[in-house]
1. Only one of (1) farther than 27 Å from ASN127 by Cα; (2) without any contact (Cβ under 8 Å) to a residue 40 or more places away in the chain; (3) part of a loop (DSSP other than H, G, I, E, B); (4) not small (Gly, Ala, Ser) fails for ASN66. Which number is that?
2. Among the listed residues LEU75, LEU56, identify the single one that is assigned to a helix (DSSP H, G or I) and touching a Lys or Arg at 6+ places or on another chain (Cβ under 9 Å).
3. Just one of VAL105, VAL172, VAL187, VAL99 is touching a helix residue (DSSP H, G or I) at 6+ places or on another chain (Cβ under 6 Å), assigned to a helix (DSSP H, G or I), farther than 20 Å from LEU53 by Cα and not hydroxyl-bearing (Ser, Thr, Tyr); which is it?
4. Residue by residue through segment 1-25, note down the ones that are surrounded by 14 or more Cβ atoms within 10 Å (Cβ to Cβ) and either at pLDDT below 90 or of a type in the set (Gly, Ala, Ser) (or both).
5. Can you tell me which residue among ALA122, ALA52 is surrounded by 13 or more Cβ atoms within 10 Å (Cβ to Cβ), more than 24 Å from GLY196 (Cβ to Cβ) and at pLDDT 95 or above?
6. Identify all residues within segment 121-137 that are assigned to a helix (DSSP H, G or I) and closer than 17 Å to TRP31 by Cα; write none if there are none.
7. For segment 108-120, name all the residues that are assigned to a helix (DSSP H, G or I) and in contact (Cβ under 8 Å) with a residue 24 or more places away in the chain.
8. Please find, among LEU184, LEU156, the residue that is among the hydrophobic types (A, V, I, L, M, F, W, C), buried (at least 22 other Cβ atoms within 10 Å of the Cβ), closer than 15 Å to ASP32 by Cα and modelled with pLDDT of 95 or more.
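The values are calculated or read from the model by the stated rules, or taken from the named source; none is laboratory data. Quantities reported herein were computed from a predicted structural model and do not represent experimental measurements. Heads up, the Cβs are rebuilt from the backbone with ideal geometry, glycines too, and the neighbour counts pull from every protein chain shown.
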Amino acid sequence: MERNRGRSPVTLLLSITVGCGVLAVIGLVWWDRPIAAWIESLPRQRAIWTEALTLLDLATLKHISNFLLGVLLLLASCLAWLIPVARRHVRPLFYLGMVQFMTTVVADLSKPIFGRLRPFEAFERTNGADTWFISANSFPSGHAAFYAGLFFPLMLIFPRWAILLMLPPLLVAASRVAEQDHYLSDVAVSLTVGAGLALTFRFLLKRPAAT
């Protein structure tokens, strides 16, 4: 990967990390409940993005397991190492698999710790009160983490398409809020984790210096 082509994706990921981190704090302190209450007041109907997300879950095998895609990508990197003509793909596959797997693990392990009611559950059970530390799993968003962990590292692997690759996780996050499955801060934290890990592990893409 050429250095001058990598600057723009890195800048975008830094912007996402900082921007979504700030958005998560604002959501937790102020915006989460007003946004959820406004969405609750709207007529409920099955939207096109719900169908699109279902298809995306099928394509990425998420409907089988949150962790399957990451494991398959890591296994693919090992298989590529065994095939001489495919060894140039080892680093990108390993990097992609590592970020995707770790982002999903962080999100899934955090859910039972924070135990936050989803917005629709809050309006059904507690009259909209934002409730934490019970048997619930709203925070952080698993869907947003899954797709942030998949598409954000792809921005560094394919820097020319970075802007387009940035869009799916943002759209997934917006759809989860719109469907009242998550608060704003739930998805913002997941996007922050995904972008942050994509930046943290980007050293895996660098080839060792020739001796």
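1. Of the numbered conditions (1) farther than 27 Å from ASN127 by Cα; (2) without any contact (Cβ under 8 Å) to a residue 40 or more places away in the chain; (3) part of a loop (DSSP other than H, G, I, E, B); (4) not small (Gly, Ala, Ser), the odd one out for ASN66 is (2).
2. Details: LEU75 fails: touching a Lys or Arg at 6+ places or on another chain (Cβ under 9 Å).
Every option except LEU56 fails the conditions.
3. Values: VAL105 fails: touching a helix residue (DSSP H, G or I) at 6+ places or on another chain (Cβ under 6 Å); VAL172 fails: farther than 20 Å from LEU53 by Cα; VAL187 fails: farther than 20 Å from LEU53 by Cα.
Testing whether each residue is touching a helix residue (DSSP H, G or I) at 6+ places or on another chain (Cβ under 6 Å), assigned to a helix (DSSP H, G or I), farther than 20 Å from LEU53 by Cα and not hydroxyl-bearing (Ser, Thr, Tyr) leaves just VAL99.
4. MET1, GLY6, SER8, GLY19, GLY21, ALA24
5. On the way: ALA52 fails: at pLDDT 95 or above.
Checking each option against the conditions leaves just ALA122.
6. First, the residues of segment 121-137 that are assigned to a helix (DSSP H, G or I): 121-125.
Passing the criteria: ALA122, PHE123.
7. First, the residues of segment 108-120 that are assigned to a helix (DSSP H, G or I): 108-114, 119-120.
Selection gives ASP108, SER110, LYS111, PRO112, PHE114, PRO119, PHE120.
8. Numbers: LEU156 fails: closer than 15 Å to ASP32 by Cα.
So the residue among LEU184, LEU156 that is among the hydrophobic types (A, V, I, L, M, F, W, C), buried (at least 22 other Cβ atoms within 10 Å of the Cβ), closer than 15 Å to ASP32 by Cα and modelled with pLDDT of 95 or more is LEU184.
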